[in-house]
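Undergrad: Take a look at the following structure, please.
The values are calculated or read from the model by the stated rules, or taken from the named source; none is laboratory data. Small disclaimer: the values here were computed from a predicted structure and weren't measured. Glycine also receives a Cβ, built like all others from the backbone with ideal geometry; neighbour counts cover every protein chain displayed.
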Amino acid sequence: MTATNSSNPLVRFLNLNTSGEKGGRSLPLWRQLLLQVICLAIAAEVLFPIMYVVTMAFSSQTSRPSSLQLIPTEFSLVAFKQVLDHPTANPVSFLELLRNSFLLSFGVGLAALLVAVSAAYAFSRFKFRLRQVLMILVFVPLLMPVVGLSTPLYLLMNSIRIMDQGRVIFNLRDSLLGVGIAITAGALPFAVWNLKGYLDTIPKDLEEAAAVDGADVHQTFLRIILPLSLPALAVTGFLGFIAGWTEFYFTSTFLSGSVPNHTLALALYAMVGQFSSTPWSAFSAFAILFAVPPALVYFVAQRWITSGLAIGAVKG
C-alpha cells in the first residue's frame with residue numbers, strides 16, 4: 001500500500017488494498033457486518049420518503065394518513081386516474097402539462113449544450129486576450145442567487161412583446177420561450193466550466209494528427225472532439241434537462257398569467273392547499289408521475305455517462 005493510501009483513515013479502518021493488485025486481504029467479518037449495517041441504514045433513510053409517497057399514492061383516502069405506513073395496504077388507482085383526467089382546477093390537461101415540461105426541459109438542455117460546448121472548446125483550445133477574465137465572468141453568475149437575477153430577467157423579457165392594434169399578441173416573458181431563455185442563462189455557467197474541464201483532458205495530439213491529415217478546425221471539432229466528449233455532453237445535457245424539468249421559481253414568476261403554458265412543477269404546486277385541504281393521495285400520485293420521465297431519460301443516456309474515452313482513443 002502506498003504512502004498516500006496509508007495516510008487515508010478510511011482506508012486504514014477498512015484495511016483495503018488499493019494498490020490495484022489482485023488477491024488483496026479481505027475484510028474481517030465484523031467489518032463486513034458493520035459496513036452492511038451502515039449501507040442498510042443509508043438505504044433506509046433514502047427510501048423512507050419514497051416508500052411513504054408510494055403508500056399514499058396507492059391509497060384511496062384523500063386525507064393525510066394519521067399513522068406511519070411504509071407498505072401499501074391497498075392498491076387503488078383512483079389517485080392516478082384523477083391526476084391523469086384532471087390534475088388541477090386549472091383548465092389544462094395532464095398531457096398538455098407533460099408536453100410543456102418536455103419542451104422546456106429538452107429546449108434548455110439542448111440550448112445550454114450547444115452554446116456551452118462551443119464556448120468551452122474556445123476557452124480550452126484557443127489563446128486570446130482577456131481569456132482568464134472572461135472565464136471568471138462566466139463563473140460569476142453561479143455566485144448569485146436566482147432571486148437576484150429574476151428581477152432584471154423579468155423586466156428584460158417583459159419588454160419584448162409583439163403588438164397588434166394596441167393589443168399584446170405575444171409577450172416573451174409570459175411564454176415558454178422566455179422561461180427557457182432565463183433557465184438556460186442560469187445553466188450555462190456550470191455547463192461551460194464542466195465541459196471545459198473535460199475538454200482539457202483530451203490530448204491535443206489527436207487534433208495535431210488530424211491537422212496533419214488535412215482536417216481543419218471545424219472538422220476536428222465535429223469528428224474528433226465531440227465523439228470523445230460524449231460522456232461530458234451526456235452529463236451536461238442531462239443536468240440541463242433536470243434544471244428545466246424541476247424549475248419552479250422562474251416558471252411561477254414569469255408564467256403567472258399564462259395557464260396553457262404551465263408545467264408539471266406548477267401543477268404539482270397548485271395541488272397544495274391550505275391546512276388539510278391538500279388531496280394527499282393525488283398529490284403523491286402526481287409526484288410519482290412527475291419523477292418517471294427524468295428517470296427514463298437517465299436510463300436511456302446512462303450508457304454514455306462513462307469515463308476514459310479520450311484515454312482509450314490515445315492508446316488506440
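Undergrad: Hey, any hits in segment 78-99 for a residue that's modelled with pLDDT of 90 or more and within 30 Å of Leu206 (Cα to Cα)?
TA: The answer is no, given that none of the residues of segment 78-99 is modelled with pLDDT of 90 or more and within 30 Å of Leu206 (Cα to Cα).
Undergrad: Out of all the residues in segment 44-51, is one or more surrounded by 12 or more Cβ atoms within 10 Å (Cβ to Cβ) and either modelled with pLDDT under 85 or among the hydroxyl-bearing types (Ser, Thr, Tyr) (or both)?
TA: Checked segment 44-51: no residue is surrounded by 12 or more Cβ atoms within 10 Å (Cβ to Cβ) and either modelled with pLDDT under 85 or among the hydroxyl-bearing types (Ser, Thr, Tyr) (or both).
Undergrad: Would you be able to tell me the number of residues in segment 236-275 that are within 13 Å of the chain's Cα centre (by Cα) and either outside the structural domain of Ser118 (by TED's automatic domain parsing) or under 14 Å from Val179 (Cα atoms) (or both)?
TA: Count: 7.
Undergrad: Return the residues of segment 98-131 that are aromatic (Phe, Trp, Tyr) and touching a residue at least 40 places away in the same chain (Cβ under 8 Å); say none if nothing qualifies. I'd like the intermediate steps shown before the answer.
TA: So the first thing to find is which residues in segment 98-131 are aromatic (Phe, Trp, Tyr), and the list is 102, 106, 121, 123, 126, 128.
Listed by number, the residues that qualify are Phe102, Phe106, Tyr121, Phe123.
Undergrad: If you go through segment 157-170 one residue at a time, do you hit one that is farther than 22 Å from Ile242 by Cβ, buried (at least 19 other Cβ atoms within 10 Å of the Cβ) and in contact (Cβ under 8 Å) with a residue 60 or more places away in the chain? First the steps, then the outcome.
TA: In the first step, residues of segment 157-170 are kept if they are farther than 22 Å from Ile242 by Cβ; the result is 157-170.
Okay, now just the ones that are also buried (at least 19 other Cβ atoms within 10 Å of the Cβ), so 157.
Narrowing the set further to residues that are in contact (Cβ under 8 Å) with a residue 60 or more places away in the chain leaves 157.
Yes, some residue in segment 157-170 is farther than 22 Å from Ile242 by Cβ, buried (at least 19 other Cβ atoms within 10 Å of the Cβ) and in contact (Cβ under 8 Å) with a residue 60 or more places away in the chain.
Undergrad: Within the group Gly214, Gly257, Gly244, which residue is touching a residue at least 12 places away in the same chain (Cβ under 8 Å) and surrounded by fewer than 14 Cβ atoms within 10 Å (Cβ to Cβ)?
TA: Gly257
Undergrad: Let me ask you something else. Any idea which of Gly148, Gly178, Gly109 is touching a Gly at 6+ places or on another chain (Cβ under 8 Å) and assigned by TED's automatic domain parsing to the domain that holds Pro203?
TA: Gly109
Undergrad: Another one. Only one of these is out of contact with any strand residue (DSSP E or B) (no Cβ under 6 Å at 6 or more places or on another chain) and part of a loop (DSSP other than H, G, I, E, B): Ile225, Ile202. Name it. Let's see the steps before the verdict.
TA: Working: Ile225 fails: part of a loop (DSSP other than H, G, I, E, B).
That would be Ile202, the only listed residue that is out of contact with any strand residue (DSSP E or B) (no Cβ under 6 Å at 6 or more places or on another chain) and part of a loop (DSSP other than H, G, I, E, B).
Undergrad: A further question follows. Out of Asn171, Asn194, I need the residue that is more than 27 Å from the chain's Cα centre (by Cα) and under 30 Å from Leu255 (Cβ atoms). Which one?
TA: Values: Asn194 fails: more than 27 Å from the chain's Cα centre (by Cα).
That would be Asn171, the only listed residue that is more than 27 Å from the chain's Cα centre (by Cα) and under 30 Å from Leu255 (Cβ atoms).
Undergrad: Of the conditions (1) under 28 Å from the mean Cα position of the chain (by Cα); (2) over 22 Å from Val259 (Cβ atoms); (3) assigned by TED's automatic domain parsing to the domain that holds Thr278, Gln165 fails just one. Which one is it?
TA: For Gln165, the failing item is (1).
Undergrad: Here's another thing I want to ask about it. Given the conditions (1) in contact (Cβ under 8 Å) with a residue 12 or more places away in the chain; (2) surrounded by fewer than 16 Cβ atoms within 10 Å (Cβ to Cβ); (3) part of a helix (DSSP H, G or I), which single one is not true for Ala282?
TA: (2)
Undergrad: With the requirement that a residue be surrounded by fewer than 10 Cβ atoms within 10 Å (Cβ to Cβ) and modelled with pLDDT of 90 or more, what does segment 112-133 give you? Give the derivation first.
TA: Quick first cut of segment 112-133, residues surrounded by fewer than 10 Cβ atoms within 10 Å (Cβ to Cβ) only: 126-130, 132-133.
None - no residue of segment 112-133 is surrounded by fewer than 10 Cβ atoms within 10 Å (Cβ to Cβ) and modelled with pLDDT of 90 or more, so the list stays empty.
Undergrad: Which one is farthest from the chain's Cα centre (by Cα) among residues in segment 83-97 that are surrounded by fewer than 17 Cβ atoms within 10 Å (Cβ to Cβ) and not in a loop (DSSP other than H, G, I, E, B)?
TA: The qualifying residue farthest from the chain's Cα centre (by Cα) is Asp85.
Undergrad: Here is a further query. If Phe221 passes every condition in (1) without any contact (Cβ under 8 Å) to a residue 24 or more places away in the chain; (2) over 25 Å from Val140 (Cβ atoms) but one, which one does it miss?
TA: So Phe221 meets the others, but not (1).
Undergrad: Take Pro231 and tell me if it is at pLDDT below 85, touching a Leu at 6+ places or on another chain (Cβ under 9 Å), assigned to a helix (DSSP H, G or I) and in the same structural domain as Leu255 (by TED's automatic domain parsing).
TA: Yes: the conditions hold for Pro231.
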